[in-house]
Amino acid sequence: MEDAEYDLAFFHRAGFRRRACTVCGAAFWTLGDHDRCQEAPCRDYGFLGRPGFARAYETHAMREAYLRYFEQRGHARVRRYPTVARWRNDVFFTQASIYDFQPWVTSGAIPPPANPLTISQPVLRFIDLEEVGRSGRHFTLFEMMAHHAFNRPDHEVYFKDRTVELCHGLLTEELGADPTGITYKEEVWEGGGNLGPSLSVGLLGLELATLVFMEYVRDGTSLRPMPLTVVDTGYGLERFAWMSQGTNTAYEAVFGREYEELRRTFPPREAAILIDHARAINFLLTDGVVPSNSKEGYFARLLLRRSIRILQRTPEAPELSAILDASAREIARAFPEVGEHRDDLHRVVAAEAERFAESIERARAMIRRYDERTRAGGGRVTEDDLIQWYDSLGIPPDLAVEEVRDPPPIPDDFYARVATRHESERPATEYAEVVEGLPDVPGTVPATEVLYYLDPYTLAFEAHVVWVGGPFVALDRTYFYPTGGGQVTDTGQLGDLAVVDVARRGPWILHRLERPAPFAVGERVRGRIDRPRRVQLMQHHTATHLLNGALREVLGPHVWQAGAYKGPEAARIDITHYKPLSRDELRRVERRVNEIVREDRPVKSYFEGRSAAERRFGFTLYQGGAVPGKELRIVEVEGFDVEACGGTHCTHTSEVGAIAISDVERIQDGIVRLTYSSGERALDLRDEHEEILKEAARRLGVPVPQLPDGIDRLLGEIEESRQRARARRKEDLGATAARLLSDPTVAETLGATTLLTGQVDLGRAELMELSRLLTKAPGRVAILAGEEDGRGVLFVGSTSPQVAANEVVRAAAPAFDGKGGGNPAAATAVGEPGAPLAHALRAARESARRAAGADGGAPGAARP
RNA sequence: GGGCACGUAGAUCAGCGGAAGAUCGCUGCUUUCGCAAAGCAGAGGUCGGGGGUUCAAAUCCCCCCGUGUCCA
């Protein structure tokens, strides 16, 4: 970044001077005579006990003061976005206020909700987890207050100069900070391929804000100006409150009473962790995160389990739910949606606590057994075992050692060593939104007027061609619905050609035809949309909203849509939920949703200003993810469900026909997927199922109602015949054994050992069983020959201490080119096809004889 | 999304290349007026599924499926 980037007229106007920090070396601007920037670690905190602002603000008052300041200066106040960034696939959480507007607003695709705007956005930073409670200033969730401006070439709102002026005004005029105490340190900000200059605002050792000016696109080694420049500021609400109060730590300033309350039972660090985590958990769960083992759910689990652990090792600790409630009550003063669904939140938390307890109990039992075994084997539990257990069983080391008689010390760098186990993992693949083979459209082409929003029933229309690129056609207006929001594309015809795909590309909707379009720009064409397909898609889409509503009703408001697909054949909705659906819950959902269908409620689709809509309906609007833009398209099922959605919908619930849920599965921890059909497809599905039932009943020869009993009977019969077959096999083997024993050439006694030699028509597994029958008594050796897959099999079983079966087999195997082995009690060899099995049998017998006789077999027992 | 661990009798688990085991539960017998209990006997296993390596796989390798857990 060149120095000129920071050389602002405001600085000169107000009398700032540019200096270099003698500690970190960075350049900064100040009205004072500092030789170093006013941020830690370049200087110590100077506000502890001596607040840097004119008066003390508690959190809510500080937020309000900030937002009001910017409102009074032409900014529109925008409500917070969810803390879970469902609209992005590159991150889980909203980590800065600008995340709310990426990528669509910052790329220029969609206008911001207001311009300029001000917001206080709760954001999550798990990177600081270990610092919480330790540093005195870190939080897992904090509020980033911001003012943003989005400048287009044709519409400049404000940029660097005004931004710094506003910031300086806030600190000095509004909050009464000493103007000479503030430093603006020059930095370079870079992220997501963009970069620009930034100023870090320091006061009395605390970095209060960062003012970022997104200005360039990195293009290889050179920089290109962005078409849209962005003022991206971030003011830490917690730090402002802290600065105003000058308390020892930020936690006291931010959490006030709740923190004090916890301090009565807990040491400072644990109290801070508990209240910090409670706040984050409240936001996460309110925004639809269900604790699970992956993705965003894992972080909710992490916070919950950390909190539970602290409570568990503290006698007389309060209930987690009480801490969460206290936190929620406080948050709700500014964000009323948090704490609205207390009971449901408690159920989610209770389910997680139970799972954690089960996990720990399982792990404890496993460790106890392992410890006993290890000690019995002369070994002992090692540090690596502790790490392994934490990683794979989730049991913290301090709990693990409780089960070990002679435990190793817990390494100081325990968690670092866990981390190194994960170092070699491949990073998660970040995939960009695929704009699959869509052509670039020149910016001069007029935007497409989207008509399906207004009227989903018009399926034939006329429009003018505004652009043609190969098979792609853009029209001035269209009723074709492009793939989006989980709803698949419409198909149909444009002129005489089939439309095979429709996609949104910036402000245009592109129709892809079966072959290159023969149209000229300006030509008038007729569009016709495939009616049955569209109708089915509409039914499925509306059905999805109804189902979502019914699921929230039946299961609780923790249910959020975590993904959806509406195709012509079937539709799916993935919901956040902490346990499998019971059969009863499923039945209630299906009943309820069909009840809504029958009630024929109006489904209204309309545009409404974002703020007004949020005020009226709350955050659950964003089931499909947050949608930027000044106006939201609202799809409202009267008195039942309201969502921001761009899809095509029926106008009355009865048009959905019926909804048949065909499958429910847990697709991952914390996510349940329902597959269903509506309208014609639901009827088809019912028919298909009925046909299957009838056919099954016909094959079984029973009426449909008796199918379950019939199947039970059948299964019983199968089991019975299996048992019979097994018994017969046993009998057969018994008979064979008896036959062998009655054959005088088979048995041969050498002292305490009796050799039983015989050839039978049995395979390997049967030879083994036969051998068992023959060698029940001690001192027996069975030497059996059989055949399997055209190869000779030799099996030797021995209960004689003199005769080792594996030795016998080893001696005999070469006689039929066999390979094999075993142990002294049992051994097998298989020969080459056609090799002389009889030789092997003889060789085995000779070997066994020598072994049995060698140990002073009774004289005269051996025969030639 | 990735790493690791796990999947064996109804339950909890052992076995980790050579003849599928333990404990509890279950059934029967003995003992008892009966119960509890004890003793004896017995039933109960496609060792998650599919491929492969091997003379031989619950055991080793690969691919699925399921579960748990850690990490992003």
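What length, rounded to one decimal in nm, is gained on full extension from A:Arg477 through to A:Cys24, with 0.36 nm per residue of separation minus their alpha-carbon distance? Walk me through the numbers before you get to the answer.
Numbers: separation 453, 0.36 × 453 = 163.08 nm, distance 5.80 nm.
Computed gain between A:Arg477 and A:Cys24 is 157.3 nm.
At 0.36 nm per residue, and after removing the present C-alpha to C-alpha distance, how many nm does the segment from A:Leu741 to A:Arg362 gain when stretched out fully? The partial results should precede the final answer.
Values: separation 379, 0.36 × 379 = 136.44 nm, distance 5.20 nm.
Gain in length upon complete extension: 131.2 nm.
Would you kindly derive the ³J(HN,Hα) couplings of segment A:217-229 from the backbone phi angles with the Karplus curve 6.51 cos²θ - 1.76 cosθ + 1.60 (θ = phi - 60°), listing them in order in whole Hz, with x for Gly and Pro?
These are the phi-based 3J(HN,Hα) values: 10, 6, 10, x, 9, 9, 10, 10, x, 6, x, 10, 9 Hz.
What is the fewest-to-most order of A:Phe139, A:Phe101 by other Cβ atoms lying within 10 Å of their Cβ? Let's see the in-between values first.
Values: A:Phe139 29, A:Phe101 23.
Final ranking by Cβ density, sparse to dense: A:Phe101, A:Phe139.
Neighbouring Cβ atoms within 10 Å as the yardstick, rank A:His649, A:His545 fewest first.
Values: A:His649 26, A:His545 30.
Placing the least packed residue first, the sequence is A:His649, A:His545.
With equal scatterers on the alpha carbons only and no solvent term, can you work out the Debye log10 of I(q)/I(0) for segment A:255-340 at 0.26 1/Å?
Log10 I(q)/I(0), no solvent term: -1.30.
Could you tell me the center-to-center distance, by alpha carbons, between segment A:499-576 and segment A:2-62 in angstrom?
Each part reduced to its Cα centre gives a spacing of 53 Å.
Distance between Cα centroids, segment A:184-215 to segment A:250-266: provide it in whole Å.
31
Quick one: work out the % antiparallel among DSSP beta bridges in chain A, nearest 5. Please list the in-between numbers first.
Numbers: 128 of 140 bridges.
Counting DSSP beta bridges with both partners in chain A, the antiparallel share is about 90 percent.
Return the long-range amide H neighbours of A:Asp669 (sequence gap of 5 or more, or a different chain), with a cut-off of under 5 Å between placed amide H atoms.
A:Asn293
Can you pull out the trypsin sites (Lys or Arg not before Pro) in segment A:767-824 whose DSSP state is coil and whose Cβ has at most 16 other Cβ atoms within 10 Å? Please report the intermediate quantities before stating the final value.
Details: sites: A:Arg772, A:Lys776, A:Arg780, A:Arg791, A:Arg810, A:Lys819; in loops: A:Lys776.
Here the trypsin sites (Lys or Arg not before Pro) that fit, given the DSSP loop and packing criteria, are A:Lys776.
Between segment A:138-164 and segment A:594-661, what's the alpha-carbon centroid distance in Å?
Taking the Cα centre of each part, segment A:138-164 and segment A:594-661 sit 32 Å apart.
Considering the dipole of chain A built from charges on the beta carbon (Lys and Arg +1, Asp and Glu -1) around the Cα centre, which of A:Gly779, A:Ala109, A:Gly484 is farthest to its positive end?
Checking the options against the dipole of chain A, the answer is A:Gly779.
How do the peptides A:592-599, A:145-152 rank, highest first, by the average count of neighbouring beta carbon atoms within 10 Å per residue? List each step's numbers first, then the result.
Numbers: A:592-599: 18.9, A:145-152: 23.5.
So the peptides A:592-599, A:145-152, ranked by packing, come out A:145-152, A:592-599.
What number results when the radius of gyration of chain A, computed over Cα atoms, is divided by 2.2 N^0.38 Å? Don't skip to the answer; put the middle values down first.
Numbers: Rg = 38.1 Å, N = 864, 2.2 N^0.38 = 28.7 Å.
This ratio for chain A stands at 1.33.
With each label point set 7 Å from Cα along the Cα-Cβ vector, what nm distance links A:Tyr565 and A:Arg722?
3.5
Tabulate in residue order the Karplus-calculated ³J(HN,Hα) for segment A:382-398, using 6.51 cos²θ - 1.76 cosθ + 1.60 with θ = phi - 60°, rounded to whole Hz; enter x for Gly and Pro.
Working through the residues one at a time gives 10, 4, 4, 4, 4, 5, 4, 5, 5, 5, 9, 10, x, 9, x, x, 5 Hz.
As an exercise, use a Förster radius of 22 Å and the Cβ-Cβ distance of A:Asp7 and A:Leu223 to find the FRET efficiency, rounded to the nearest 0.05. Please list the in-between numbers first.
Numbers: r = 18 Å, r/R0 = 0.81.
E between A:Asp7 and A:Leu223, to the nearest 0.05, is 0.80.
For chain A, what is the calculated [θ] at 222 nm in deg cm²/dmol (nearest 500), taking -39500 (n - 2.57) for each run of four or more DSSP H residues and dividing by its residue count?
Working: 20 runs with 304 residues, N = 864.
It lands at -11500 deg cm²/dmol.
Given +1 on the Cβ of Lys and Arg, -1 on the Cβ of Asp and Glu, and no further charges, what dipole in debye does chain A carry about its Cα centre, rounded to the nearest 20?
Details: 108 positive and 127 negative charges, 358 e Å.
Around 1720 debye, computed over chain A.
Output ³J(HN,Hα) for segment A:464-474: one whole-Hz value per residue in order, computed from phi by the Karplus curve 6.51 cos²θ - 1.76 cosθ + 1.60 with θ = phi - 60°, and x for Gly and Pro.
With the stated coefficients, segment A:464-474 comes to 9, 6, 10, 6, 9, x, x, x, 8, 10, 10 Hz.
Go ahead and collect, in residue order, the members of segment A:793-817 whose backbone nitrogen is under 17 Å from a label point 7 Å along the Cα-Cβ direction of A:Asp761.
So the set is A:793.
Contact order normalised by length for chain A, with contacts defined as Cα pairs under 8 Å and 6 or more residues apart; what percent is it? Kindly include the intermediate steps, with their values, before the conclusion.
Working: 1622 pairs, mean separation 66.4, N = 864.
Relative contact order, chain A: 8 percent.
So, R0 is 56 Å and r is the distance between the beta-carbons of A:Arg531 and A:Asp90; what FRET efficiency does that work out to, to 0.05? Write out the running numbers ahead of the final one.
Working: r = 38 Å, r/R0 = 0.69.
E between A:Arg531 and A:Asp90, to the nearest 0.05, is 0.90.
What's the exposure ranking of A:Cys167, A:Cys24, A:Cys645, A:Cys37, going from fewest to most Cβ atoms within 10 Å? Write out the running numbers ahead of the final one.
Numbers: A:Cys167 21, A:Cys24 13, A:Cys645 25, A:Cys37 28.
Listing A:Cys167, A:Cys24, A:Cys645, A:Cys37 from fewest to most nearby Cβ atoms yields A:Cys24, A:Cys167, A:Cys645, A:Cys37.
Once the other residues with Cβ under 12 Å from the Cβ of A:Ala326 are scored (Lys, Arg +1; Asp, Glu -1), what is the net sum?
Numbers: positive: A:Arg257, A:Arg279, A:Arg329, A:Arg342; negative: A:Glu258, A:Glu260, A:Glu261, A:Glu319, A:Asp325, A:Glu330.
Result for the neighbourhood of A:Ala326: -2.
Each reported figure results from applying straightforward, stated rules to the coordinates on display, with no laboratory input. These numbers were taken from a predicted model, which means no experiment stands behind them. Positions of Cβ are backbone-derived with ideal geometry, glycine not excepted, and every protein chain shown enters the neighbour counts.
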